[in-house]
1. Hey, Gln256 hits all of (1) in contact with a Ser or Thr (Cβ under 9 Å, 6 or more places away or on another chain); (2) within 16 Å of the ligand (Cβ to nearest atom); (3) open to solvent by 10 Å² or more (accessible area, probe 1.4 Å); (4) assigned to a helix (DSSP H, G or I) but one; which does it fall short on?
2. From the residues in the stretch 205-248 that are without any contact (Cβ under 8 Å) to a residue 60 or more places away in the chain and assigned to a strand (DSSP E or B), which one is most open to solvent (accessible area, probe 1.4 Å)?
3. Could you identify the single residue in Val244, Val261, Val239, Val248 that is within 15 Å of the chain's Cα centre (by Cα) and more than 12 Å from the ligand (Cβ to nearest atom)?
4. Given the criteria open to solvent by 30 Å² or more (accessible area, probe 1.4 Å) and assigned to a loop (DSSP other than H, G, I, E, B), does Ala377 qualify?
5. Could you grab me the full set of residues in the stretch 346-366 that are surrounded by 22 or more Cβ atoms within 10 Å (Cβ to Cβ) and among the charged types (D, E, K, R)?
6. Do the conditions hold for Arg401, that is, is it in contact (Cβ under 8 Å) with a residue 24 or more places away in the chain and under 23 Å from Ile305 (Cα atoms)?
7. Between residues in the stretch 161-183 that are under 14 Å from Ile202 (Cβ atoms) and without any contact (Cβ under 8 Å) to a residue 60 or more places away in the chain and residues that are near the ligand (Cβ under 8 Å from one of its atoms) and charged (D, E, K, R), which pairs lie under 9 Å by C-beta distance while being six or more apart or on different chains?
8. Using beta carbons and a limit of 7 Å, which pairs, at least six apart or on different chains, have the first residue in the stretch 92-111 and closer than 15 Å to Glu192 by Cβ and the second one within 11 Å of the ligand (Cβ to nearest atom) and among the aliphatic types (A, V, I, L, M)?
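The values are calculated or read from the model by the stated rules, or taken from the named source; none is laboratory data. Not measured: the values here are computed from a predicted model. When we count neighbours, we look across all protein chains shown, and the Cβ atoms used for this are built from the backbone with ideal geometry, even at glycine. Please note that ligands, DNA and RNA were not included when accessible areas were found on the heavy atoms of the full protein model with its side chains. Shrake-Rupley method; radii C 1.70, N 1.55, O 1.52, S 1.80 Å.
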Amino acid sequence: MSRLRWKLLQAAAGSCIPPREELGAPPGAGSGSPPLRRADLPAPGRGLGSARPRRAARRSAPVRQCRGRGDRAQRFRLSASFFLLLAMAAPRDAEIRKDVQNYYGQVLKKSADLQTSACVTAARLVPKHIREALTNVHEEVALRYYGCGLVIPECLENCWILDLGSGSGRDCYVLSQLVGETGHVTGIDMTENQVEVAKKYIEYHMEKYGFQTPNVTFLHGYIENLEETGIKNESYDIVISNCVINLVPDKQAVLQEAYRVLKHGGELYFSDVYASLELPEEIRTHRILWGECLGGALYWKDLAILAQKIGFCTPRLVTANLITVQNEELERVIGDCRFVSATFRLFKLPKTGPAERCQVTYNGGIIGHEKELIFDANFTFKEGEVVEVDEETAAILKNSRFAHNFLIRPVGEKLPARSGCSALESKDIITDPFKLAGESDNAKPRCPSDVAGGCCL
Ligand SMILES: C[S@@+](CC[C@H](N)C(=O)[O-])C[C@H]1O[C@@H](n2cnc3c(N)ncnc32)[C@H](O)[C@@H]1O
């Protein structure tokens, strides 16, 4: 977009559009990245359902606070010209990619450069073995960490893991220690600078871990088309992703690709940002908010709809943290909308016959989780304790890598003396990350208090 057109946009939109240079656009560039436009962005859950809250959209109509100058008529004229100019801009997904690549490749140099807590939220207990693995990661890699949760699941030895949007590689290097030399971790990212930083330290980490053969690979590519990078069907045990899917316009394509490359019984374990509402246009078209992982956030209820459409089990909510925005201007644009960073696990199960409720007993064999396995926000399995679980949880435990760590029996068999709670009623199951984040903020009742050596990141 020409400099003149950008100025016109700024004039029309007031302070909602930042100076181009602020986003790293080369001064004087003749064409390039217009602001993001609704038509080019995925309406969160477009065509996925009907009854969705539109409260923020109504309250934050085009003439709201972020412009807030002049009388009503003038404000209307401003908003009309703003949308006219937006309509002329006609950006495409490729331009969103360019913006994001520029933001993560050129503008940001370290986590502290971010203007919201969205990309570095992770106030949760971290088991000791993960904390130790984190301390082995090279300083430059760690400095460029922009994730929003802890994407280190349990039971990892020998696993093949794919990290979607691996950035500078922090999570890949932690996981490469935990899967061991016979496992493997592949990181894929579309921003060359990020991939370069990640690759630079392969030798450093392999030497540190004492591995003869590197067990980590970094690829340059797009996560909505993994086939392009040669990633084959059913080739990974686990797919992870940390604060990336919100940045991709076509979220369904990403989840579909994750499903394709996962083996049966595998899981997508990922942290991302979710919105409390279907996002209004002002937020979706705000370039900084998009780059900061808020503008492209999925309305949280749409995740379950997408997961079902693709064939995954019901999303299992693991952790959630409310996001804070430390910037008055961005706060004004956001208005009533709230954001949360949440970690979900989505299992791909083989299509077998109908599942049944079961009694399961955790045998305690998982490294770092010997006494208890906090499976998600609803299920914690204590070693040796019998728990009755619903059909889907039973199917997940039977068909995933966790099968070896559980004794699974049909309901009705006589229980041994040490039995735990029975299956949660569906009304008690927490699926809303905002509810979980609120609970954790108030009392942290579902936070494990006795993880050995746990601490907050
Ligand atoms: C918020 S950063 C997170 C990076 C990393 N996961 C971490 O925790 O540090 C988002 C990353 O996603 C990458 N990304 C965004 N869209 C992508 C896409 N469509 N394909 C591949 N990578 C993408 C960006 O290049 C950036 O490195």
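1. Condition (1) is where Gln256 drops out.
2. The qualifying residue most open to solvent (accessible area, probe 1.4 Å) is His220.
3. Values: Val244 fails: more than 12 Å from the ligand (Cβ to nearest atom); Val261 fails: within 15 Å of the chain's Cα centre (by Cα); Val248 fails: more than 12 Å from the ligand (Cβ to nearest atom).
So the residue among Val244, Val261, Val239, Val248 that is within 15 Å of the chain's Cα centre (by Cα) and more than 12 Å from the ligand (Cβ to nearest atom) is Val239.
4. On the way: open to solvent by 30 Å² or more (accessible area, probe 1.4 Å): no; assigned to a loop (DSSP other than H, G, I, E, B): yes.
No: the conditions fail for Ala377.
5. Scanning the stretch 346-366 gives a single hit, Lys348.
6. On the way: in contact (Cβ under 8 Å) with a residue 24 or more places away in the chain: yes; under 23 Å from Ile305 (Cα atoms): no.
The answer is no for Arg401.
7. Final answer for the pair search is Ser166/Asp189; Ser168/Arg144; Ser168/Asp189; Gly169/Arg144; Gly169/Asp163; Gly169/Asp189; Arg170/Arg144; Cys172/Asp163.
8. Arg97/Met190; Val100/Leu247; Gln101/Met190; Leu108/Leu114
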